[in-house]
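Only the coordinates and a few stated rules stand behind these numbers; no lab work does. All figures in this text were calculated on a predicted structure; none of them were measured in a lab. Counting neighbours? That spans all protein chains shown, and the Cβs are built from the backbone with ideal geometry, glycine included.
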Amino acid sequence: MSAPGSDGGDVQLRLPGTPRTAAESDELALNVTGGAGYTTAIQDTGDGTFRALMHIESAAAPREYRFELGEGVELIPLEDGGVTARDAAGDILGTFEPAWALDANGAAVPTSYTIDGSTLVQSVSLTSATAFPVVADPFWIPALLVMARLTSHAASQAALRGVSQAMIKQVVQNGAKSAGNKGTSIFTQGSGKNRIRVIVDNKSGNVVTVTKG
């Protein structure tokens with residue numbers, strides 16, 4: 001499938017499993033791909049964002065799910081658990097929100113991302129005590145969604161943590177600066193549970209994400 005990236009271009013994304021005959025309903029495409037014990041679905045959430053939903057049916061399903069991006073895409077982990085995708089020029093194409101998974105009772109299931117070249121791997125911890133089905137969800141936000149130099153990912157993470165744009169500006173202006181993951185700088189202010197960290201893309205100057213605590 002194609003996902004919106006920067007400058008109106010598309011990023012190729014291959015879902016885990018083998019292609020199936022998808023059934024479409026409103027903004028949701030079901031049974032897009034699948035494998036032993038799982039199927040995938042795509043939810044178009046508007047403005048180029050989408051959710052790649054994995055419906056995990058039983059403990060016999062895989063523990064890892066691989067999302068392959070196009071050639072030349074570099075994946076870089078963020079401090080909040082998300083992952084950015086950059087092109088060969090170092091420009092941000094988009095961001096995957098931090099991994100999450102819920103069981104049939106709505107309880108959180110341990111899950112995380114690892115990176116294998118240009119492939120995003122989501123690991124889901126399944127046990128005999130897990131209530132099935134489990135739903136897991138990589139959520140893509142294209143880089144073209146930028147508001148006042150905050151990417152949509154950064155805005156959502158800041159709102160989740162109760163950090164205002166005024167506070168973000170103050171941290172960038174007055175906080176201690178250090179080198180972050182490739183192509184980013186970290187501005188830090190405060191301590192303990194009030195410590196705010198703002199991660200900024202060195203090339204564009206956009207705030208990529210915000211953490212607190």
Query raised in the report: Among Leu78, Leu53, Leu13, which one moves the most in a GNM of the chain with springs linking Cα atoms closer than 10 Å?
Result: Leu13
Report summary line: The set of residues whose placed amide H lies less than 5 Å from the amide H of Phe50, leaving out same-chain residues fewer than 5 positions away, is Thr45, Trp140
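Once you charge only the Cβ atoms, +1 for Lys and Arg and -1 for Asp and Glu, what is the size of the charge dipole of the chain about its Cα centre, to the nearest 20 debye?
Charge dipole, the chain, about its Cα centre: 1040 debye, nearest 20.
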Query raised in the report: What ratio of Cα Rg to 2.2 N^0.38 Å holds for the chain?
Result: 1.05
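Can you give the extra length, in nm with one decimal, that the chain gains between Thr119 and Leu28 once fully stretched, where that is 0.36 nm per residue apart less the Cα-Cα distance?
Values: separation 91, 0.36 × 91 = 32.76 nm, distance 2.38 nm.
Extra length available between Thr119 and Leu28 comes to 30.4 nm.
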Query - Using alpha-carbon coordinates, inclination of helix 165-174 to the longest axis of the chain, degrees - result: 50
Report summary line: In the chain, lysine pairs 8 or more places apart or on different chains with C-alpha atoms under 15 Å apart total 4
Report summary line: In a Gaussian network model of the chain with springs linking alpha carbons closer than 10 Å, the residue among Ala88, Ala131, Ala101 that fluctuates most is Ala88
Query - At R0 = 41 Å, FRET efficiency that the Cβ-Cβ distance of Ser128 and Asn174 yields, to 0.05 - result: 0.20
Query raised in the report: When the chain is treated as a GNM, springs tying every alpha-carbon pair under 10 Å, which of Gly190, Gly17, Gly34 comes out with the largest mean-square fluctuation?
Result: Gly190
Query raised in the report: Rounded to the nearest 500, what is the chain's calculated 222 nm mean residue ellipticity when only DSSP H runs of at least 4 contribute -39500 (n - 2.57) each, over all residues?
Result: -2500 deg cm²/dmol
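I need the peptides 68-74, 206-212 ranked by packing, meaning the mean over residues of other C-beta atoms within 10 angstrom, with the highest value on top. It would help to have the intermediate numbers written out before the result.
Values: 68-74: 16.1, 206-212: 23.4.
Going by the mean number of other Cβ atoms within 10 Å, highest first, we get 206-212, 68-74.
For Glu64 and Ala89, FRET efficiency with R0 = 35 Å and r from the beta-carbon atoms, rounded to 0.05? Let's see the in-between values first.
Working: r = 30 Å, r/R0 = 0.86.
Approximately 0.70, to the nearest 0.05.
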